[in-house]
Amino acid sequence: MPAYQILVLGSIVPDPLQTLEPLTTPQGPGLKNEAMLPHVLDPWAAHALYEAASLVAKGAASKVTLVALGPKAKLQQVMMAVGQKVPFELLALDGPASGFTDAHEVSARLSEAVARLPGLDRSALLLFGGWESASRGAGVTLQMVGEQLGIYDQFFGVDELTVEPDGALRILERVEGGKHQVSRCAGPPAVLGWATGNLPEPRNNPQVGMANMRALLPALQKASPTPAGIGGVRFESVVVPRVTRETRIVKDQSVDEIARELVEWIRKD
Amino acid sequence: MTEKTAPGPIAPPSRQSLDVDIACVGFGPATAGFLTTLSRRLADASRPPLPSLASPGLPLQVVCYERADDAGFGVSGVVTRARAIRAAFPDLDPAQIPMAAPVREEKVLYLVDPVGASRRSVTLRAADRTLRAFHGVDHDSFELPWTPEFLHKTEGIVFSIGQLMQWMAGQVMAQGTVQIWPGTPVAEALIEGQAVRGVRLLDQGVDRQGRPGAGYLPGMDVHAALTVVADGPVGAVGRQLDQTLGMPGRNARREWAVGMKLVVDLPEDTPLSAGTVLHTFGFPEPEIFGFLYVHPDRVASVGIFVPSWFDSPTRTSYRYLQHYVQHPALWRYLQSARLRSWGAKSLLESGRRGEPFLVGDGFARIGEGSGSTNVLTSSGVDEAFATGVQLGEGVIELLEAQRPFTRPNLETAYVTRRRQSWVEQEGRVSERARDGFQRGVVTGLVGMALSGLTGGRASLGHEPPHPADQVGSVETFYAGKIPAAEVARIRADCEKRGVPLHDALMDRAGWPPIPMDGQVLVSQQDALLLGGKVQAPPGYADHVVFLDPELCRACGKRVCVEICSAEAIRPGDAGTPAFDREKCVHCGACLWSCPTRLSGTERVNLEFRAGAGGLHSAEN
């Protein structure tokens, strides 16, 4: 089985549980009190990371490198949680993680960083990332990074990757109707934008954490300033999903009754 | 013919182990002080490196395991003089820490009861009448014209401890010399005789009863030459040590409180400026103290403390908090505010008298769980941080001298430092300051003043009883307001409906209904979801366990249900409370509120074990 080199492009987003309030800052659009919000690894990118680590564990890949563009202090904070999950190396770029940054600028910075990566082997390269993003990103960054690196075999909405005995990649992409499109790719380089995959979130493993952190901390300390702006884009308006909660505690309600209430609730909109 | 045999049971994964030099349990202010001190020394290239004995050839291996899912989750807000914090960070600029502001104005308000439902003594009723008669009240409150100096937080700082912890974790991690691992609860200490040899992490991949399930991963044994125990007053490891080693002399943990708060966005036209601090007493019940701290950017923390000496068995923090914020003295600021965050936490109020054995072979204790809180000045964060710094300095001294972490060495290097510090001196002064509260609020306040003004030489000495013995009966608490026969009827009705007692009793006692506005006044479950963002990762066992169901069934008070900050403990089947791990915020109020003591022990019929998840807000 070939040993691929997997780069996972992923950054951080405010913990989706938090209440987000958009506003205009001197630097452009932002979120109120964004510095106070706890952050997590973008859940879509996290799926990609766990799938990549699974391929390493199966012997299909040699190592995983997470390439993350985000504020160094917040990246460091998130690595304290993610670092216990699976083994990986980190290439940290100290810059904005806001989804309001221009996707073209972000992709340019990421592709430059990838191209400079010591030991990069394009013939073994699988570029992983999230199919979408839980940030305010446009969801096109990964695709542009691939294009800027000249990687044109791109798959999005990936739920499963199987390495066949001849080294080909069998890929399941989500399509309409809950079905998958099955593709066969002769081999790397390729871009895979993951949906949710099939793996549960790995357990926290302190041994993994100890091993990871010996490299993660120096990587964070070496994070180079990487500015990325909004590319001259002017935001007319910004709207976040409306949060509506009506909490009741009801015991022993039938499934039919729950479904009826949900339908009524959805119809309100 | 071949015989088919059924596959044998799959062997469970074996328990892994890890060797480090120093393992810390819990990341709060104390550990922040410890790791700040130690990490700076480890990063100091001008001094000889401190090598690891656990991993020869590597630098000292220092890890910190935090139960909550991130550094700064599940803690509290505070106003502090920040003496130790400023000493550790001489260039501290509050503007660099979200939600931090220098104290600009500090007031103490006595709150008159505007609804007539509060249980007030004859003395307080007379005080209320007198103040009203002489027009001494403004918005049903009376500002004390003078307060003793020891209560002041002059030149202090208003912090969100969540934000402060995130900032300090960032400072520590940036040194690159120690590791902080959130989301990693420690189940227990590895004890050999009287020595601690490390910690065992919590099992993952188990069901509610702790039985192995899918993805079972036994908690790792982390062997360490030194275990730093800083898991707070209800932490599993600290309490395990207390049970194993006992308490020195007559020390005991008898006094507690649960602090519950809201973090709100104040309206744009608020007259309150950052750094405003209000302390209140008198309402919603005389035993319940409250506060309002104003952070920068029109954010405020507002909350109450419900103490163990409040004898009501229906001591619901959340309902009382809702009445508190509606008091006219506060509602004038909060009427158009909006909830940002919510949380609750137990506070050990025994102070110096709750001090356990601070050191032993292979372990040291710091922070609130080590009895560092000053119960006279109501200050704990700075004291906790100071004990961490003291241990850090002591540990560096031992490491540089290549001396082992034995009890005598830790006594010399850490305990001696602590005994010679202001933490100890002021802790001694405050030691008996709260004793009068067992006899009433006014007596308690007199006792505090007496203790503070005489430097601790005089007090209204009265050894507090075990908190389980401080809980009165519903009938006594509501005597004169609700006839006993009606209490019995209400109790039967609530049992039938499977709901706690407190709402029905408070409604009947004259507390007005809460006019839910969806902004500040929200249901308790919405406070969890919108404010605390409470989470519980799958694969962990229940951490609240009722030991003997028969004792629960026989308990007529069920204070655990009434005080539960998150409605995680509810009336269950057959009279035994039911625990819902997904709602728990790990405040620990159920532990010290359980009125059923196990015969001949200090323990109660409820176990509060290590657990995962809880609050997901770093604004508290």
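The values are calculated or read from the model by the stated rules, or taken from the named source; none is laboratory data. Everything numeric in this text was worked out from a predicted model, so none of it was measured. Please note: Cβ atoms are built from the backbone with ideal geometry, for glycine as well, and neighbour counts cover all protein chains shown.
Each residue in the range B:573-590 was checked for being part of a loop (DSSP other than H, G, I, E, B) and touching a residue at least 60 places away in the same chain (Cβ under 8 Å), and 4 of them qualify.
Is it the case that B:Ala252 is under 30 Å from B:Gly354 (Cβ atoms), part of a loop (DSSP other than H, G, I, E, B) and either at pLDDT below 95 or hydrophobic (A, V, I, L, M, F, W, C) (or both)? So that I can check it myself, show each step before the final result.
Numbers: under 30 Å from B:Gly354 (Cβ atoms): yes; part of a loop (DSSP other than H, G, I, E, B): yes; either at pLDDT below 95 or hydrophobic (A, V, I, L, M, F, W, C) (or both): yes.
Yes, satisfied.
Of the strands (runs of 3 or more DSSP E) lying entirely inside the range A:1-102, the ones with 3 or more residues being more than 10 Å from chain B (Cβ to nearest Cβ) and farther than 18 Å from A:Gly193 by Cβ are found at A:22-25, A:28-31, A:61-70, A:89-94. Are any residues in the range B:218-251 within 16 Å of B:Pro307 (Cβ to Cβ) and surrounded by fewer than 24 Cβ atoms within 10 Å (Cβ to Cβ), and if so, which ones? Within the range B:218-251, B:Val234 is the sole residue that qualifies.
With the requirement that a residue be farther than 17 Å from B:Gly170 by Cα and touching a helix residue (DSSP H, G or I) at 6+ places or on another chain (Cβ under 9 Å), what does the range A:210-224 give you? Of everything in the range A:210-224, those that are farther than 17 Å from B:Gly170 by Cα and touching a helix residue (DSSP H, G or I) at 6+ places or on another chain (Cβ under 9 Å) turn out to be A:Asn212, A:Ser224.
Residue under question is B:Ser370, and the condition is that it be in the same structural domain as B:Thr280 (by TED's automatic domain parsing) and either under 25 Å from B:Glu106 (Cβ atoms) or in contact (Cβ under 8 Å) with a residue 12 or more places away in the chain (or both); does it hold? Judged against the criteria, B:Ser370 is not a match.
Counting only residues that are of a type in the set (Gly, Ala, Ser), closer than 20 Å to B:Ala618 by Cα and surrounded by 23 or more Cβ atoms within 10 Å (Cβ to Cβ), how many does the range A:44-80 have? Walk me through how you get there before you give the answer.
To start, the set of residues in the range A:44-80 that are of a type in the set (Gly, Ala, Ser) comprises A:45-46, A:48, A:52-54, A:57, A:59-62, A:68, A:70, A:73.
Keeping just the survivors that are closer than 20 Å to B:Ala618 by Cα gives A:70, A:73.
From what is left, the residues that are surrounded by 23 or more Cβ atoms within 10 Å (Cβ to Cβ) are A:70.
Looking only at that region, the number is 1.
If I go through the range B:180-199 residue by residue, how many of them are on the phi < 0 side of the Ramachandran plot and either aromatic (Phe, Trp, Tyr) or within 11 Å of chain A (Cβ to nearest Cβ) (or both)? If you could, list the steps in order and put the result at the bottom.
At the first step, the residues of the range B:180-199 found to be on the phi < 0 side of the Ramachandran plot are B:180-182, B:184-192, B:194-197, B:199.
Now restrict to residues that are either aromatic (Phe, Trp, Tyr) or within 11 Å of chain A (Cβ to nearest Cβ) (or both): B:180-182, B:184-186, B:199.
Result for the range B:180-199: 7.
Looking across B:Thr147, B:Thr130, B:Thr177, B:Thr154, one residue alone is of a type in the set (S, T, N, Q) and within 14 Å of chain A (Cβ to nearest Cβ). It is B:Thr177.
I'm checking my understanding of the structure. Among residues of the range B:465-490 that are in contact (Cβ under 8 Å) with a residue 24 or more places away in the chain and touching a helix residue (DSSP H, G or I) at 6+ places or on another chain (Cβ under 6 Å), which one is surrounded by the most Cβ atoms within 10 Å (Cβ to Cβ)? Taking the candidates together, the pick is B:Pro467. Restricting attention to the range B:209-252, the residues being among the β-branched types (Val, Ile, Thr) and within 14 Å of chain A (Cβ to nearest Cβ) number 1. For the list (1) within 14 Å of chain A (Cβ to nearest Cβ); (2) closer than 26 Å to B:Ala187 by Cα, I need the number of the one condition that B:Phe34 fails. B:Phe34 satisfies all of (1) within 14 Å of chain A (Cβ to nearest Cβ); (2) closer than 26 Å to B:Ala187 by Cα except (1). Residues in the range B:301-314 that are touching a Ser or Thr at 6+ places or on another chain (Cβ under 8 Å) and within 12 Å of B:Val325 (Cα to Cα) were compared, and the one that is surrounded by the fewest Cβ atoms within 10 Å (Cβ to Cβ) is B:Ile304.
Pick from the range B:118-147 the residues that are under 19 Å from B:Glu287 (Cβ atoms) and acidic (Asp, Glu): which of them is nearest to the chain's Cα centre (by Cα)? Top of the filtered list is B:Asp140. With respect to being in contact with a His (Cβ under 8 Å, 6 or more places away or on another chain) and within 28 Å of B:Pro94 (Cα to Cα), B:Phe283 falls outside the description. Scanning the range B:401-430 for residues being outside any helix (DSSP H, G or I) and surrounded by 20 or more Cβ atoms within 10 Å (Cβ to Cβ) gives a total of 1. In this structure, does B:Thr154 turn out to be of a type in the set (S, T, N, Q), surrounded by 21 or more Cβ atoms within 10 Å (Cβ to Cβ) and closer than 22 Å to B:Val375 by Cβ? Against the criterion (of a type in the set (S, T, N, Q), surrounded by 21 or more Cβ atoms within 10 Å (Cβ to Cβ) and closer than 22 Å to B:Val375 by Cβ), B:Thr154 does not qualify.
Residue count for the range B:573-615 under the criterion of being within 14 Å of chain A (Cβ to nearest Cβ), crowded, with 22+ Cβ neighbours inside 10 Å and in contact with a strand residue (DSSP E or B) (Cβ under 6 Å, 6 or more places away or on another chain): the result is 4.
Would the range B:431-453 turn up any residue that is exposed (fewer than 15 other Cβ atoms within 10 Å of the Cβ), out of contact with any strand residue (DSSP E or B) (no Cβ under 8 Å at 6 or more places or on another chain), outside any helix (DSSP H, G or I) and not assigned by TED's automatic domain parsing to the domain that holds B:Val375? No: zero hits.
Going by the conditions given, is B:Gly57 under 21 Å from B:Gly176 (Cα atoms), within 14 Å of chain A (Cβ to nearest Cβ) and modelled with pLDDT under 95? Walk me through how you get there before you give the answer.
Working: under 21 Å from B:Gly176 (Cα atoms): yes; within 14 Å of chain A (Cβ to nearest Cβ): yes; modelled with pLDDT under 95: yes.
Considered against the rule, which asks whether it is under 21 Å from B:Gly176 (Cα atoms), within 14 Å of chain A (Cβ to nearest Cβ) and modelled with pLDDT under 95, B:Gly57 comes out as yes.
Of the residues making up the range B:216-273, those that are among the small types (Gly, Ala, Ser) and more than 30 Å from B:Gly205 (Cβ to Cβ) are B:Gly246, B:Gly249, B:Ala252, B:Ala257, B:Gly259, B:Ser273. Pull up the range B:60-78, narrow it to residues that are crowded, with 23+ Cβ neighbours inside 10 Å and either without any contact (Cβ under 8 Å) to a residue 24 or more places away in the chain or not in a loop (DSSP other than H, G, I, E, B) (or both), then point me to the one that is nearest to the other protein chains (Cβ to nearest Cβ). Going through the qualifying residues, I end up with B:Tyr65.
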